[in-house]
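The values are calculated or read from the model by the stated rules, or taken from the named source; none is laboratory data. As the structure is a prediction and not an experimental result, all values here were calculated from the model. So basically every Cβ, Gly included, is an ideal-geometry build from the backbone, and we count neighbours across all protein chains shown.
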Amino acid sequence: MQLPIDIEKRSDISLQDQIMTRVRELILHRKLVPGTKLPSSRDFSKQLDVSRNTVIYAYDRLVSEGYLEVKGRSGMFVSAQIPENALNISTCNVGANARAFSLTSKRLLPVRHRSPLLYQRLRERIELDFRIGRPAASSFPERLWTRLLVEKMAGSGRRMTEYGNPAGLEELRVAISDHLQAARGINAHPDQIIVVAGCEEGLNIIAKILTPAGSTVYVENPCYKGVPFVFESYGAKVVPIPIDSEGLCVDRLATRERGIVCVTPSHQFPIGVTMSLSRRLKLLDWVNSAGTYIVEDDYDSDFRYDGSPLTALAGLDKSGSVIYIGTFSKSIGAGLRVGYLVVPEELIGPTREAKALLNNGNPWLEQAVIAEFLASGGFRKHLRQIRQTYLKRRNTLLEQLRLRFGNIDILGEEGGMHLTWVLPKTFSNARAIQYECLHRGVGIYSIDDSPAIDFDNTHFRERAVFFGYPCLSEGEIVTAVGRLADAAADLG
Ligand SMILES: Cc1ncc(COP(=O)(O)O)c(C=O)c1O
């Protein structure tokens, strides 16, 4: 079968993008109907006179966006459910829907969807996954958790039928305050702590109380998508500021208007650099003189392997300018959906109110279990164990990468749960390597296929590859890096 497609070889638009767009148009105009089999990548590449990889990547992207589906060895087919179908106004029921749309459309703020391109369907091909930001599933203290759940439930009394304090369970806030003092040098009264459903809810609360529509929010570039997307959804103006090897380029803020600054100083997301002490102090100075706040997202600071961790910005802050966000998603598991804010005194009231308006507080049982886990020393022991495991995995990864590729440019290996390899110019770009690895069952990640965003198309977008190492054993890491070396050799 030949597809009626022409491509322009001398266009500024890449061949891959042109193929993708043309195939998508054929599908949306119903020239290719659901269930139609597409030509094999080999035949299609001959028809178009392009490399087979160009077709493979274009097909992969169409699969990841839901237009095509792979059926085992039978080949590539137009998906049974096409994404645009749901949005196609001519085929949906007008009337009530149309009225609802016209009533609300003027007030809708942009809510960007955060899913990276590499969707679940492609992920099924991955056996050895360096996915970022996930603790090892085997590390979850399942037996202890079950025991604590049963114990807490048995003594729950009225706590399952009453509303609790929206700011969170007192015992948990006390335990978090003790942990932060010892681990991050933060001296926070339990009243300053608000238990939230992960960093994400924390960001929503901050946006709700501090960034009215039109206000400015500075973010690192590149950064975790969740941060700009949350603030944008409240109508704030997001301004990206570059990072370098010392973290946020604070000098770039000098002449700018007042605005909240969001940073990940312990392990910049996604690149991994640590913000230097001098930058931390400069940033605190700028924020103080501007009379605004820093939002410190300390998502994976529980893991530090080399050197001692720098005190959190919230620990250095003397003037109540830092809002600290912590999470148990990385240290225990994202399924818990528990994190916390540490806010300056003047924000205690508004933050509590905002949390109460959202959901009147987190569920009691989970909070009670985490409080006991922290207070009993279980959390400290758990962290000690997983730090050792992750350290060994990180070391194996570094060793194998260096063995296969020599003296390479690695960033962010001192801490956290992922590291970055900045590919040399002599290599193909990050997405090409990522997709070549995908065909070998190995998941590595470029900015475009991670929870990160690069607003300015920096060299990281093309060159940075991320490896989350907690979920693979040392043996699996050796195999995966071997396959990565084969992939790189094939790309030439
Ligand atoms: C930098 C950063 N901040 C926040 C989060 C989200 O954390 P939570 O699960 O607590 O919402 C993530 C998750 O990957 C992250 O990478």
Boolean, residue 389 is at pLDDT below 95, more than 14 Å from the ligand (Cβ to nearest atom) and either closer than 28 Å to residue 418 by Cβ or surrounded by fewer than 19 Cβ atoms within 10 Å (Cβ to Cβ) (or both): no
Any chance residue 449 is surrounded by fewer than 17 Cβ atoms within 10 Å (Cβ to Cβ) and closer than 30 Å to residue 237 by Cβ: no
Residues (more than 23 Å from residue 269 (Cβ to Cβ) and within 16 Å of the ligand (Cβ to nearest atom)) located in the stretch 169-216: 172
Filtered residues of the stretch 287-303 (kept if surrounded by 19 or more Cβ atoms within 10 Å (Cβ to Cβ) and either in a helix (DSSP H, G or I) or touching an Asp or Glu at 6+ places or on another chain (Cβ under 7 Å) (or both)): 287
Residues (away from the ligand (no atom under 16 Å from the Cβ) and either within 26 Å of residue 232 (Cβ to Cβ) or of a type in the set (S, T, N, Q) (or both)) located in the stretch 456-489: 456, 457, 458, 459, 461, 462, 473, 479
Top-ranked residue of the stretch 335-346 - restricted to ones that are in a helix (DSSP H, G or I) and touching a helix residue (DSSP H, G or I) at 6+ places or on another chain (Cβ under 7 Å), ranked as farthest from the ligand (Cβ to nearest atom): 345
Hits in the stretch 297-332 (condition: on the phi > 0 side of the Ramachandran plot and touching a residue at least 40 places away in the same chain (Cβ under 8 Å)): 307
Given (1) without any contact (Cβ under 8 Å) to a residue 24 or more places away in the chain; (2) surrounded by fewer than 18 Cβ atoms within 10 Å (Cβ to Cβ), number of the condition residue 31 does not satisfy: (1)
Residue match in the stretch 152-161 (condition: hydrophobic (A, V, I, L, M, F, W, C), touching a His at 6+ places or on another chain (Cβ under 9 Å) and assigned by TED's automatic domain parsing to the domain that holds residue 308): no
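Every residue in the stretch 226-241 that is in a strand (DSSP E or B) and either within 18 Å of the chain's Cα centre (by Cα) or more than 23 Å from residue 447 (Cα to Cα) (or both), please. Show your work before the answer.
Let us first name the residues in the stretch 226-241 that are in a strand (DSSP E or B), namely 237-241.
Of everything in the stretch 226-241, those that are in a strand (DSSP E or B) and either within 18 Å of the chain's Cα centre (by Cα) or more than 23 Å from residue 447 (Cα to Cα) (or both) turn out to be 238, 240.
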Residue within the stretch 210-225 that is modelled with pLDDT of 95 or more, assigned to a helix (DSSP H, G or I) and within 26 Å of the chain's Cα centre (by Cα) present: yes
Test result for residue 436, at pLDDT 95 or above and either among the charged types (D, E, K, R) or in the same structural domain as residue 59 (by TED's automatic domain parsing) (or both): no
Index of the failed condition, residue 361 passing every other in (1) assigned to a helix (DSSP H, G or I); (2) on the phi > 0 side of the Ramachandran plot: (1)
Unmet requirement for residue 311, which otherwise passes all of (1) touching a Gly at 6+ places or on another chain (Cβ under 7 Å); (2) within 26 Å of residue 453 (Cα to Cα); (3) in a loop (DSSP other than H, G, I, E, B): (2)
Failed criterion for residue 213 (all others in (1) buried (at least 21 other Cβ atoms within 10 Å of the Cβ); (2) out of contact with any strand residue (DSSP E or B) (no Cβ under 8 Å at 6 or more places or on another chain) hold): (1)
Lone unmet requirement of (1) touching a Ser or Thr at 6+ places or on another chain (Cβ under 6 Å); (2) without any contact (Cβ under 8 Å) to a residue 40 or more places away in the chain for residue 339: (2)
Matching option when the condition is surrounded by 22 or more Cβ atoms within 10 Å (Cβ to Cβ), not assigned by TED's automatic domain parsing to the domain that holds residue 395 and not in a helix (DSSP H, G or I), among 325, 332: 325
Candidates 432, 489, 485 - the one that is hydrophobic (A, V, I, L, M, F, W, C), touching a Lys or Arg at 6+ places or on another chain (Cβ under 9 Å) and not in a loop (DSSP other than H, G, I, E, B): 485
Matching entry among 403, 341, 411, 347 (being over 27 Å from residue 297 (Cα atoms) and at pLDDT 95 or above): 403
Selection count, the stretch 252-268, where residues are surrounded by fewer than 21 Cβ atoms within 10 Å (Cβ to Cβ) and out of contact with any helix residue (DSSP H, G or I) (no Cβ under 8 Å at 6 or more places or on another chain): 4
Among (1) on the phi > 0 side of the Ramachandran plot; (2) surrounded by fewer than 24 Cβ atoms within 10 Å (Cβ to Cβ), the one test that residue 416 misses: (2)
First in the stretch 126-152 and over 21 Å from residue 419 (Cβ atoms) and touching a residue at least 12 places away in the same chain (Cβ under 8 Å), second anywhere and among the acidic types (Asp, Glu) and away from the ligand (no atom under 16 Å from the Cβ), Cβ under 6 Å, 6 or more apart: 148/372
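Before we move on, is residue 283 more than 16 Å from the ligand (Cβ to nearest atom) and surrounded by fewer than 24 Cβ atoms within 10 Å (Cβ to Cβ)? It would help to see each step written out before you state the result.
Details: more than 16 Å from the ligand (Cβ to nearest atom): yes; surrounded by fewer than 24 Cβ atoms within 10 Å (Cβ to Cβ): no.
No, not satisfied.
So, in the stretch 428-439, exactly how many residues are surrounded by fewer than 18 Cβ atoms within 10 Å (Cβ to Cβ) and more than 22 Å from residue 243 (Cα to Cα)?
Here is the first cut: in the stretch 428-439, the residues surrounded by fewer than 18 Cβ atoms within 10 Å (Cβ to Cβ) are 429, 439.
Subsequent filtering for residues that are more than 22 Å from residue 243 (Cα to Cα) retains 439.
Looking only at that region, the number is 1.
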Of all residues making up the stretch 1-22, the number that are more than 30 Å from the chain's Cα centre (by Cα) and not in a loop (DSSP other than H, G, I, E, B): 1
